[in-house]
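Laboratory data are not the source of any read-out in this text; all were calculated from the coordinates shown. As the structure is a prediction and not an experimental result, all values here were calculated from the model. Don't worry about glycine lacking a Cβ; one is built from the backbone with ideal geometry, like all the others, and counts go over all protein chains shown.
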Amino acid sequence: MDKWISKDLKYNWHPYTQMKDCCKFPPIMIKRAKGLKLYDTQDNFYYDTISSWWCNVHGHSHPRIVEAVTKQLKALDHVLFAGFTHKNAILLAERLLSIVPKNLERVFFSDNGSTAVETALKMSFQYWRNAGKRGKTRFLSLDLGYHGDTIGAMSVGGVGLFNGIFSPLFFKSFKAPSPYCYRCPVGKERKTCAFNCIKPLEAILKKHSHEIAGLILEPLVMAAGGMIIYPKEYLAKAANLAKKYNIHLILDEVATGFGRTGRMFACEHAGVGPDFMCLSKGITSGTLPLGVTLTTEKIYKAFYADHDKKKTFYHGHTYTANPIACAAALASLNIFKEEDTLARVKETAKYLSSGLGRFRELPLVGDVRQIGMIGALELVKDKRKKTPFGFEERIGLAIYKEGLKRNLILRPLGDIVYLFLPLCVKREELDYILSNTRDIIANKK
């Protein structure tokens, strides 16, 4: 075994990993990256088809971002953001507010997706207290949702394999069935349904809106829940219900933001303006950690008072608005404009959709889902009955291991093999990725 891998296994504890498995399947030592490719210490390359956990937008080591980070590092590395500020934070806040839904007017910086969500939950909770409605203390979310791994974020996420053990620590929240079209919670077919799956959510609001502070959703794509892609009409209806029952709409765009769905933000597909928007991951194109929670002027004003300590938002993070991370984010936004990224994605997404369509004929592929540069293949044992594979069969792991032999990172979500592609992917790269992925699944018994 390579000496560095030996040291890694001696000292490091990897996330989402049974470390005993690492002795059988050691981690791959990556030394450099460029564009869509990661290179290991043997100079083998791997197509980063999942954007290194959904972060990388413009390809690894983009020169514009490298330049911006290098320049900023020489000037100002970090400064506390309480009582101090800096130009990059101001410019980034201004840029973000120019591209998000117009009702969002205030920016709160943090470190990552989980902290962006925690910030929104705490702001929503305190808003209602500041507004004199102290009974609105709970949250409503979807049963297959995922919003992060901190306690608050897990409390409003679905309870499953990853977080079930921590459930005694969660605060109580309401859960509605997810709009999972392939496995419809109300037994309808997508072609003929009237979005009846919204009714359980509405029933909860009708009965409990007086105690609900907010509804949190991943717009259009429930990522960690299985890359479940749902109709924009559901999102629009949910937003209308939030307004009708006077609760906050919190949109978790941590995974879906910055062009992933073909629009800058997924909520644009439904024309929805939330009370809170949570951003991270692609905001710096995966180069540095940064989280953002955006909200309305109305909510901001509820915390604005003369010498009223009870109304102050006592929340913050050491690396809030880190100048280097903000520089990377500004460079990433510049790339969107300079390279006309969204226009290019529109065409590439059509090509991806066409390529994924050819997977439908495979015996193991029960469902094919796609939006923008996100694609998902749900594998099943019995196509007619939609029978899932058992956990012990580890069908996804087998495909992942075969993918590595073909220079592909196909890290699955259980039985879901998915692509979460950097927006810079070229057609010839996409051809290679799709043809080899299809071949692997076609030959899997």
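Computed quantities for the displayed model
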read-out: Cut-off 13 Å, label 7 Å out along Cα→Cβ of Glu211, residues of the stretch 146-175 by amide N; value: 172-175
read-out: Choice from Gln126, Gln72, Gln18 with maximal GNM fluctuation in the chain (Cα, 10 Å cutoff); value: Gln18
read-out: Linear extension gain, Leu80 paired with Tyr304, 0.36 nm per residue minus alpha-carbon span; value: 78.5 nm
read-out: Those lysines that a straight Cα-Cα span of less than 21 Å connects to Lys74, excepting residues fewer than 8 apart in one chain; value: Lys87
read-out: Length-normalised contact order for the stretch 74-338 - Cα pairs under 8 Å, 6+ apart - percent; value: 28 percent
read-out: Charge context of Gly366, other residues only, Cβ under 13 angstrom, K/R +1, D/E -1; value: +3
read-out: Qualifying chymotrypsin sites (Phe, Trp or Tyr not before Pro) in the stretch 1-82, DSSP loop, other Cβ atoms within 10 Å at most 15; value: Trp13, Tyr16
read-out: DSSP bridge pairs, the chain: antiparallel proportion in percent, nearest 5; value: 70 percent
read-out: Neighbour-limited loop hits for GluC sites (Glu not before Pro), the stretch 82-118 (at most 16 other Cβ within 10 Å; DSSP other than H, G, I, E, B); value: none
read-out: Among [x] 29.5; [y] 24.2; [z] 22.9, the entry derived from the coordinates for Kirkwood radius over Cα pairs in Å; value: [z]
read-out: Sequence-separation-based contact order of the chain, relative, with Cα cut under 8 Å and 6+ spacing, percent; value: 21 percent
read-out: The stretch 256-302: C-alpha gyration tensor shape, a/c 1.5 cut-off, then a/b vs b/c; value: oblate
read-out: Isotropically averaged projected area of the stretch 122-278, using the convex hull of Cα atoms (one quarter of hull area), nm²; value: 9.1 nm²
read-out: Extension reserve of the Leu161-Met19 stretch, reckoned as 0.36 nm per residue once the Cα distance is removed; value: 49.5 nm
read-out: Rounded to whole Hz, the Karplus (6.51, -1.76, 1.60) HN-Hα couplings of the stretch 177-191, x for glycine and proline; value: x, 7, x, 9, 4, 5, 10, 4, x, 10, x, 9, 9, 4, 5
read-out: Compactness of the stretch 243-364 as Cα Rg over 2.2 N^0.38 Å, two decimals; value: 1.38
read-out: Ser110 long-range amide H proximity, modeled H, under 5 Å; value: Gly291, Val292, Thr293, Ala321
read-out: Helical segments meeting 27 Å axial Cα length and Kyte-Doolittle 0.0 threshold in the chain (DSSP H); value: none
read-out: Most fluctuating residue given options Arg106, Arg384, Arg263, as computed from a GNM of the chain linking Cα atoms under 10 Å; value: Arg384
read-out: Long-range HN-HN contacts of Leu413 with modeled amide H, under 5 Å; value: Tyr418
